[in-house]
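Accompanying notes for the structure given below.
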Amino acid sequence: MKVIMKVLLINPPVRQRQGPQDIPVGLAMIASITKQEGHQIAFLDLNANRVPLQVAANEIMIDDYDIIGIGGLSSQYKEIKTILPVCRQIHPDTLIVAGGGFVTYMPDKMLRLRPEIDIIVIGEGEETWKDLLKAAPKKDFSTVKGIAYRNEEGEIIYTEPRPLIPDL
């Protein structure tokens, strides 16, 4: 029997000195995949809705999520590092997955700097995300290509690299 999970995706703010102009296409694709795979999806767009951290925390508290995904660029790291501890505090047992430019180029360093992150998706996330959704109920990520994660002993594990999608 398939386990239906509740997934929250978070789009952090970017370029806060100007109004929101960016559509989070990457996270929108991940949301679409989540829905296609039969899971429940919630999307918290902190870029479009620039709210104080407490308001964001209230939104994160709305449901008990099995997975929280956050993606972003290096320029969003300042905001990401403030929201991650909030996610972990509210949902201590939830799987937190990070992707995008802020983690792809230095996944081992980010896993050390941000202990809240459980798994980092390296590079393109579309196919990797499908595999993560399948592996999450068993909590065995060893066969998911294109990720870095901490094992039970705290060691950083890299799985086999995932080939690029030829016609994305």
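Key figures for this structure:
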{"quantity": "Failed item, numbered, when Lys2 is tested on (1) at pLDDT 95 or above; (2) part of a loop (DSSP other than H, G, I, E, B); (3) farther than 25 Å from Arg150 by Cα", "calculated": "(1)"}
{"quantity": "Qualifying residue in segment 6-13 (condition: within 26 Å of Lys134 (Cα to Cα) and open to solvent by 20 Å² or more (accessible area, probe 1.4 Å))", "calculated": "yes"}
{"quantity": "Tally of residues being of a type in the set (Lys, Arg) and under 20 Å from Pro24 (Cβ atoms) across segment 74-106", "calculated": "2"}
{"quantity": "Hey, Ile62 open to solvent by 40 Å² or more (accessible area, probe 1.4 Å) and either over 21 Å from Val25 (Cα atoms) or not in a helix (DSSP H, G or I) (or both) or not", "calculated": "yes"}
{"quantity": "Residue list for segment 139-168, restricted to those being open to solvent by less than 40 Å² (accessible area, probe 1.4 Å) and touching a helix residue (DSSP H, G or I) at 6+ places or on another chain (Cβ under 7 Å)", "calculated": "Phe141, Val144, Gly146, Ile147, Ala148"}
{"quantity": "Out of Leu8, Leu113, sole residue that is over 14 Å from the mean Cα position of the chain (by Cα) and modelled with pLDDT of 90 or more", "calculated": "Leu113"}
{"quantity": "Hits in segment 116-138 - residues which are in a loop (DSSP other than H, G, I, E, B), touching a residue at least 24 places away in the same chain (Cβ under 8 Å), open to solvent by 10 Å² or more (accessible area, probe 1.4 Å) and not small (Gly, Ala, Ser)", "calculated": "Glu116, Asp118, Ile122, Glu124, Pro137"}
{"quantity": "Close pairs from segment 35-55: first in contact (Cβ under 8 Å) with a residue 60 or more places away in the chain, partner among the hydrophobic types (A, V, I, L, M, F, W, C) and outside any helix (DSSP H, G or I), Cβ under 7 Å, at least 6 apart", "calculated": "His39/Ile4; His39/Met5; His39/Val7"}
{"quantity": "Inter-residue pairs, beta-carbon under 8 Å, first surrounded by fewer than 20 Cβ atoms within 10 Å (Cβ to Cβ) and in segment 67-90, second aromatic (Phe, Trp, Tyr) and part of a helix (DSSP H, G or I), 6+ apart", "calculated": "Leu73/Phe102; Ser74/Phe102; Tyr77/Phe102"}
{"quantity": "Conditions (1) modelled with pLDDT of 95 or more; (2) more than 21 Å from Gly38 (Cα to Cα); (3) not charged (D, E, K, R): number failed by Gly123", "calculated": "(1)"}
{"quantity": "Of residues in segment 101-111 being without any contact (Cβ under 8 Å) to a residue 40 or more places away in the chain and either within 14 Å of Pro85 (Cα to Cα) or of a type outside the set (S, T, N, Q) (or both), the one surrounded by the most Cβ atoms within 10 Å (Cβ to Cβ)", "calculated": "Val103"}
{"quantity": "Single match in Gln54, Gln16, Gln40 (criterion: at negative phi and modelled with pLDDT of 90 or more)", "calculated": "Gln40"}
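The values are calculated or read from the model by the stated rules, or taken from the named source; none is laboratory data. Quick caveat, the model's predicted, so the values are computed rather than measured. All Cβ positions, glycine included, derive from the backbone under ideal geometry; neighbour counts span all protein chains shown. Calculation scope for accessible area: heavy atoms of the full protein, side chains included, ligands and nucleic acids excluded. Shrake-Rupley method; radii C 1.70, N 1.55, O 1.52, S 1.80 Å.
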